[in-house]
Amino acid sequence: MAIVIFKATEACNARCAYCDVVHDKNAITGKMPYELLELFFVRINDYLLERPENTMEITWHGGEPLLLGPAYFAKALEFQQKHCAKTQDKIIHHVQSNLTLFNSSFTPIFKKLGLKSFGTSYDPFTDLRGLGESLDANLYRRKFIASARLAEREGFTWGMIYVVTKLSLDRALDIFRFLVNLNPWGAVMFNTIHLRDDTLSHLAITPEEFADFLGAIFPMWWKNRWRLPSVEPFRMLVDSLVMGQRSLICCDSGDCHKTHFGLAPDGKFFQCGRSMEWDLLDFGSIFDRGFTDVLEDSRKVKLRERTELLAQTDCKGCELWDDCHGGCPLEGWRTSGSFMSRTRMCQSKKDFIKKYFEPTVNGVASPKKTAIDCPASIPCAPA
């Protein structure tokens with residue numbers, strides 16, 4: 001499996017406070033030219049012919065990819081059909097969007113591309129996410145909920161990321177209740193905020209604070225896990241530590257060097273989406289090299305060696321090695337200036353498991369299936 005975080009534009013209609021892209025003066029706000037878009041599918045076809053056992057997942061990212069408009073996605077499908085006739089059944093499309101621009105004109109082309117769900121983000125209580133230069137949070141929320149409900153009526157599902165910041169710490173259960181009542185499938189992933197530098201240090205949280213935030217939620221989720229199986233990172237930890245079935249995201253896999261790519265609007269290859277946003281690990285232009293060539297780049301090889309190195313040094317003997325692998329190399333760079341370092345978030349996972357996960361799981365053998373009801377003082381998500 002290969003995954004390319006594909007940014008055909010870095011323009012966005014929102015101005016989220018902690019977004020590296022919208023505050024980057026060098027962000028590419030135009031659309032990727034059709035010449036590059038076509039070459040992208042030529043390179044995908046080459047890769048899948050060279051590695052017939054693989055699939056290619058294209059995650060349309062940004063910026064806000066819906067700013068491209070339905071015609072741009074139609075052009076992508078045209079190029080896919082033209083150049084990937086023998087491989088297009090191995091191409092999978094995803095869209096990561098703030099959803100506020102979604103309307104029915106996108107539905108036909110998205111269904112032709114095989115898209116079934118959206119990835120998105122949402123924050124019900126703080127004003128860190130908003131539309132336009134004025135960061136209008138109320139308008140953002142209204143448009144998000146209206147568009148999410150329209151997407152449901154059009155036959156799409158959606159899951160969301162919630163970014164945990166310093167402003168989130170006192171309202172963990174409020175946030176959890178709201179989000180799982182907002183989403184009909186209860187699909188939520190809680191991520192700690194990742195900052196490139198100290199510009200927004202007032203929003204930063206420590207590994208211990210993230211562990212405590214998750215710990216405030218976990219007992220309630222555990223009691224309701226049958227109804228809400230898709231809350232992360234809880235589901236993955238239960239799969240791994242209780243069921244013995246590991247399903248790891250990129251930052252924990254230890255394999256991101258051989259599965260992930262990022263492609264910028266100007267055709268530059270990067271390691272992934274975050275490396276693109278932080279301007280790290282630039283692998284050159286798609287005009288000059290394809291996916292297989294990038295995989296053989298010495299810096300990709302170095303990331304593979306990182307996993308081998310950490311297993312024998314900083315992470316040697318760690319009981320969570322198979323579930324963490326030292327974490328994201330970019331976060332390791334943020335912590336120490338070296339991609340070869342483990343991430344500071346290792347401590348967060350250890351703290352959460354010891355303080356909250358193990359006592360809850362070991363203390364409740366067969367919880368009743370209960371509903372998560374919003375107390376009268378907490379507004380439930382609007383229908």
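If you check GLU53, GLU35, GLU78, GLU64, which single one turns out to be touching a Cys at 6+ places or on another chain (Cβ under 6 Å) and either open to solvent by less than 10 Å² (accessible area, probe 1.4 Å) or without any contact (Cβ under 8 Å) to a residue 40 or more places away in the chain (or both)? Let's see the steps before the verdict.
Values: GLU53 fails: touching a Cys at 6+ places or on another chain (Cβ under 6 Å); GLU35 fails: touching a Cys at 6+ places or on another chain (Cβ under 6 Å); GLU78 fails: touching a Cys at 6+ places or on another chain (Cβ under 6 Å).
GLU64 is the lone residue from the list that is touching a Cys at 6+ places or on another chain (Cβ under 6 Å) and either open to solvent by less than 10 Å² (accessible area, probe 1.4 Å) or without any contact (Cβ under 8 Å) to a residue 40 or more places away in the chain (or both).
Residues being crowded, with 18+ Cβ neighbours inside 10 Å and over 16 Å from the mean Cα position of the chain (by Cα): count how many of those fall in the range 242-262.
Number satisfying all stated conditions: 2.
Does PHE357 satisfy the criteria of being in a loop (DSSP other than H, G, I, E, B), in contact with a helix residue (DSSP H, G or I) (Cβ under 8 Å, 6 or more places away or on another chain), at pLDDT 95 or above and not acidic (Asp, Glu)? Quick ask: steps written out before the conclusion?
Numbers: in a loop (DSSP other than H, G, I, E, B): no; in contact with a helix residue (DSSP H, G or I) (Cβ under 8 Å, 6 or more places away or on another chain): yes; at pLDDT 95 or above: yes; not acidic (Asp, Glu): yes.
So PHE357 fails the test.
How many of the residues in the range 206-228 are open to solvent by 60 Å² or more (accessible area, probe 1.4 Å) and in a loop (DSSP other than H, G, I, E, B)?
Qualifying residue count, the range 206-228: 2.
For the range 188-205, which positions are open to solvent by less than 10 Å² (accessible area, probe 1.4 Å) and in a helix (DSSP H, G or I)?
Across the range 188-205, the qualifying residue is only LEU203.
For the range 257-286, give me the residue count where each residue is touching a Leu at 6+ places or on another chain (Cβ under 7 Å) and either without any contact (Cβ under 8 Å) to a residue 40 or more places away in the chain or of a type in the set (Phe, Trp, Tyr) (or both). Give the derivation first.
As a first pass, look at the range 257-286 and keep what is touching a Leu at 6+ places or on another chain (Cβ under 7 Å): 257-258, 267, 269-271, 274-275, 278, 280, 286.
With the extra rule that they be either without any contact (Cβ under 8 Å) to a residue 40 or more places away in the chain or of a type in the set (Phe, Trp, Tyr) (or both), the set shrinks to 269-270, 278.
Total satisfying the criteria: 3.
Among the residues of the range 173-187, write down those that are outside any loop (DSSP other than H, G, I, E, B), surrounded by fewer than 19 Cβ atoms within 10 Å (Cβ to Cβ) and of a type in the set (A, V, I, L, M, F, W, C).
Going through the range 173-187, the residues outside any loop (DSSP other than H, G, I, E, B) turn out to be 173-182.
Filter once more, keeping what is surrounded by fewer than 19 Cβ atoms within 10 Å (Cβ to Cβ): 173-174.
Selection gives LEU173 alone.
For a quick check of your reading of the model, give me the residue pairs whose first member lies in the range 131-153 and is in contact (Cβ under 8 Å) with a residue 24 or more places away in the chain, whose second is open to solvent by less than 50 Å² (accessible area, probe 1.4 Å) and in a helix (DSSP H, G or I), with beta-carbon atoms closer than 6 Å and at least 6 apart or on different chains.
If the second residue must be open to solvent by less than 50 Å² (accessible area, probe 1.4 Å) and in a helix (DSSP H, G or I), the pairs left are LEU131/TYR140.
Within the range 339-361, restricting attention to residues that are in contact with a Gly (Cβ under 9 Å, 6 or more places away or on another chain) and open to solvent by 70 Å² or more (accessible area, probe 1.4 Å), which residue is farthest from GLU208 (Cα to Cα)?
Going through the qualifying residues, I end up with ARG342.
Considering only residues that are open to solvent by 10 Å² or more (accessible area, probe 1.4 Å) and either among the hydroxyl-bearing types (Ser, Thr, Tyr) or assigned to a loop (DSSP other than H, G, I, E, B) (or both), which ones fall in the range 1-20? Lay out the reasoning, then the answer.
At the first step, the residues of the range 1-20 found to be open to solvent by 10 Å² or more (accessible area, probe 1.4 Å) are 1, 3, 5, 10-13, 15-20.
Matches in the range 1-20: MET1, GLU10, ALA11, CYS12, ASN13, ARG15, CYS16, ALA17, TYR18, CYS19, ASP20.
Which one is farthest from ALA14 (Cα to Cα) among residues in the range 138-155 that are crowded, with 17+ Cβ neighbours inside 10 Å and not polar (S, T, N, Q)?
Only one residue fits best here, namely ALA151.
If you scan the range 148-172, which residues turn out to be assigned to a helix (DSSP H, G or I) and either touching a strand residue (DSSP E or B) at 6+ places or on another chain (Cβ under 9 Å) or not basic (Lys, Arg) (or both)? So that I can check it myself, show each step before the final result.
Let us first name the residues in the range 148-172 that are assigned to a helix (DSSP H, G or I), namely 148-153, 166-172.
Those that are assigned to a helix (DSSP H, G or I) and either touching a strand residue (DSSP E or B) at 6+ places or on another chain (Cβ under 9 Å) or not basic (Lys, Arg) (or both): ALA148, LEU150, ALA151, GLU152, LEU167, SER168, LEU169, ASP170, ALA172.
Taking the criterion of being under 20 Å from the mean Cα position of the chain (by Cα), farther than 19 Å from LYS354 by Cβ and touching a residue at least 40 places away in the same chain (Cβ under 8 Å), would at least one residue in the range 204-221 satisfy it?
Checked against the condition, which is being under 20 Å from the mean Cα position of the chain (by Cα), farther than 19 Å from LYS354 by Cβ and touching a residue at least 40 places away in the same chain (Cβ under 8 Å), the range 204-221 yields no hits at all.
Out of ASP127, ASP123, report the one residue that is of a type in the set (Asp, Glu), within 17 Å of the chain's Cα centre (by Cα), outside any helix (DSSP H, G or I) and within 24 Å of CYS19 (Cβ to Cβ).
Criteria check complete, one pass: ASP123.
Can we say TYR47 is in a loop (DSSP other than H, G, I, E, B) and aromatic (Phe, Trp, Tyr)?
Values: in a loop (DSSP other than H, G, I, E, B): no; aromatic (Phe, Trp, Tyr): yes.
For TYR47, the condition - in a loop (DSSP other than H, G, I, E, B) and aromatic (Phe, Trp, Tyr) - is not met.
Starting from the range 98-125, keep only residues that are closer than 27 Å to CYS84 by Cβ, then list their pairs with residues that are of a type in the set (A, V, I, L, M, F, W, C) and open to solvent by 10 Å² or more (accessible area, probe 1.4 Å) whose Cβ atoms are within a distance under 6 Å, requiring at least 6 positions of separation or different chains.
Short answer, once both residue conditions are applied: ILE109/ALA74; LYS112/LEU77; LEU113/LEU77.
Quick one: would you say SER336 is buried (at least 18 other Cβ atoms within 10 Å of the Cβ) and more than 15 Å from SER253 (Cα to Cα)? Please lay out each step first, then the result.
Details: buried (at least 18 other Cβ atoms within 10 Å of the Cβ): no; more than 15 Å from SER253 (Cα to Cα): yes.
Answer is no for this residue.
The values are calculated or read from the model by the stated rules, or taken from the named source; none is laboratory data. Please read these numbers as outputs of a predicted model, since none were measured by experiment. As a convention, Cβ positions derive from the backbone with ideal geometry for all residues, glycine included, and neighbour counts pool all protein chains shown. Accessible surface is based on the protein model in full, side chains and every heavy atom, while ligands, DNA and RNA are left aside. Shrake-Rupley method; radii C 1.70, N 1.55, O 1.52, S 1.80 Å.
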